[in-house]
Amino acid sequence: MGLYRLIYASTATDIDRDLLTNIIETSNRLNSKNYITGMMIFDNGYFLQLLEGERAFLTKRFLEISKDTHHNDIEILTCGPIHARLFTGWGARYLGSQGASSKILKRYQGGPEFNPYKFTSSNVEYLCLDMSTFAVSSNDVANKLSIAQ
Ligand SMILES: Cc1cc2nc3c(=O)[nH]c(=O)nc-3n(C[C@H](O)[C@H](O)[C@H](O)COP(=O)(O)O)c2cc1C
């Protein structure tokens, strides 16, 4: 019943690198099976994930994700109908303190530390849009598993 986009913030509980790789691989597989695109950022112990897809598929996936004990304190930052996808595939990045993508982040959040709970529903969409432009220009998204440091 139409395309929706959902962006949420959450706090990692016991994440290490192997687990993160695991989550990204599962997400890659299940998201493409469910026609879901988007991206995830992991930094400073927090997740920011953008998911877009058909409303029914998106709801089911999000409900599964929200039950996952590897993160908690899930807050939906924005959710609503969209005309077109921002992302053509699904990708994830680990953001260290360096790199062009972290410069983008700094533009949107007052402080130096990544804290997705501080984003408003409107600036988080612009952030994701900027990140998607960056991802496309650095050939880093579209169904590709990538953890950039
Ligand atoms: C931060 C985080 C993000 C996740 N993102 C996705 C995702 O985008 N798509 C997905 O299918 N699973 C994602 N998962 C994994 C799901 O929570 C769940 O383990 C997976 O969907 C397997 O579901 P199943 O029990 O139906 O096989 C994520 C987990 C975490 C902790």
Residue pairs within 7 Å by beta carbon, gap of at least six or interchain, first lying in segment 46-70 and in contact (Cβ under 8 Å) with a residue 12 or more places away in the chain, second among the basic types (Lys, Arg) and in a strand (DSSP E or B), listed first then second, are Leu50/Arg5; Glu52/Arg5
Of the criteria (1) exposed (fewer than 15 other Cβ atoms within 10 Å of the Cβ); (2) modelled with pLDDT of 90 or more; (3) under 25 Å from Thr26 (Cα atoms), which one Pro81 fails = (3)
Has segment 30-46 got at least one residue that is modelled with pLDDT of 90 or more, in contact with a His (Cβ under 7 Å, 6 or more places away or on another chain) and of a type outside the set (A, V, I, L, M)?
-> no
Which is modelled with pLDDT of 90 or more, of a type in the set (Lys, Arg), within 14 Å of the chain's Cα centre (by Cα) and more than 10 Å from the ligand (Cβ to nearest atom), of Arg55, Arg5?
-> Arg5
Could you check how many residues of segment 33-45 are free of Cβ contacts under 8 Å to residues at least 40 places away in the same chain and either surrounded by fewer than 14 Cβ atoms within 10 Å (Cβ to Cβ) or more than 8 Å from the ligand (Cβ to nearest atom) (or both)?
-> 3
Could you list, in sequence order, the residues of segment 59-74 that are surrounded by 13 or more Cβ atoms within 10 Å (Cβ to Cβ) and within 10 Å of the ligand (Cβ to nearest atom)?
-> Lys60, Arg61, Phe62, Ile65, Ser66, Asp68, His70, His71, Ile74
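The values are calculated or read from the model by the stated rules, or taken from the named source; none is laboratory data. Keep in mind it's a predicted model, so treat the numbers as computed, not measured. Reconstructed Cβ throughout: ideal geometry from the backbone, glycine too, with neighbour counts over all protein chains shown.
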